[in-house]
Amino acid sequence: MKNRIVCALLVAVLVGVVFTGCKGKRPDGMPELVPFKVKVVDGSTPIADVAVFFIADGNTVTSATTDASGVAEMTTTLQNYTEKGAPVGEYRVQCTKDPLAEHWKTAQERAMMSIEEQGAYNTEWQAKCEALPREIPKVWSNFDKTPLKASVPAGGGEVTFDVEGRANE
């Protein structure tokens, strides 16, 4: 009998979570959002795994990561609440995809290193990363220097950023 009551309570809680969602309450100050996509390409070739950021104001971040087709559906976050879309407005855009070198030591081997050895290893690994060819211009990763801008209109939309011939800037 006790087990049936516990099971019934668990089912009721699960049903409540399903119907109310896990998203939480939309915070005060969350701007109205419209659907907006960013596409990052090299000519006609899409670039996956590019982190894209718009800054709406000091507390709201609009961001996404491109998929295999080079497309990112923007989402906006305020106070740990995230919703699909972007606020209408003008933005500076930051696109980041740093090349990563292969590690020549396993995670377990690196964990066994002393602090000094880890520091030296990480310095060498970062230098190898910097020496790799870039898919995205480095300046696009610098929010203060990025030349990228996007305008999000009231009806939503999409913007494409093409790196063709510019990846090593």
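Annotations
- Lone unmet requirement of (1) at pLDDT below 90; (2) surrounded by 13 or more Cβ atoms within 10 Å (Cβ to Cβ); (3) more than 15 Å from the chain's Cα centre (by Cα) for Leu78: (3)
- The single condition among (1) modelled with pLDDT under 90; (2) surrounded by 12 or more Cβ atoms within 10 Å (Cβ to Cβ); (3) of a type outside the set (Phe, Trp, Tyr); (4) under 17 Å from the mean Cα position of the chain (by Cα) that Lys84 does not meet is (1).
Quick grid of which residues meet (1) more than 26 Å from Gly43 (Cβ to Cβ); (2) touching a helix residue (DSSP H, G or I) at 6+ places or on another chain (Cβ under 9 Å); (3) of a type in the set (Gly, Ala, Ser):
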site: Lys128; (1), (2), (3): yes, no, no
site: Leu132; (1), (2), (3): no, no, no
site: Glu135; (1), (2), (3): no, no, no
site: Ser141; (1), (2), (3): no, no, yes
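- Of the listed requirements (1) touching a strand residue (DSSP E or B) at 6+ places or on another chain (Cβ under 7 Å); (2) without any contact (Cβ under 8 Å) to a residue 60 or more places away in the chain; (3) exposed (fewer than 14 other Cβ atoms within 10 Å of the Cβ), Glu124 misses just one: (1).
- Among (1) within 21 Å of Gly155 (Cα to Cα); (2) crowded, with 20+ Cβ neighbours inside 10 Å; (3) modelled with pLDDT of 95 or more; (4) not hydrophobic (A, V, I, L, M, F, W, C) - the single one Thr66 does not satisfy: (1)
- Out of Ile136, Ile115, sole residue that is under 24 Å from Glu73 (Cβ atoms), of a type in the set (A, V, I, L, M) and either out of contact with any Pro (no Cβ under 6 Å at 6 or more places or on another chain) or at pLDDT 90 or above (or both): Ile136
The values are calculated or read from the model by the stated rules, or taken from the named source; none is laboratory data. Note that the coordinates shown come from a computational prediction; the quantities given were computed from them, not determined experimentally. Using ideal geometry, Cβ is built from the backbone for each residue, glycine included, and neighbour counts are taken over all protein chains shown.
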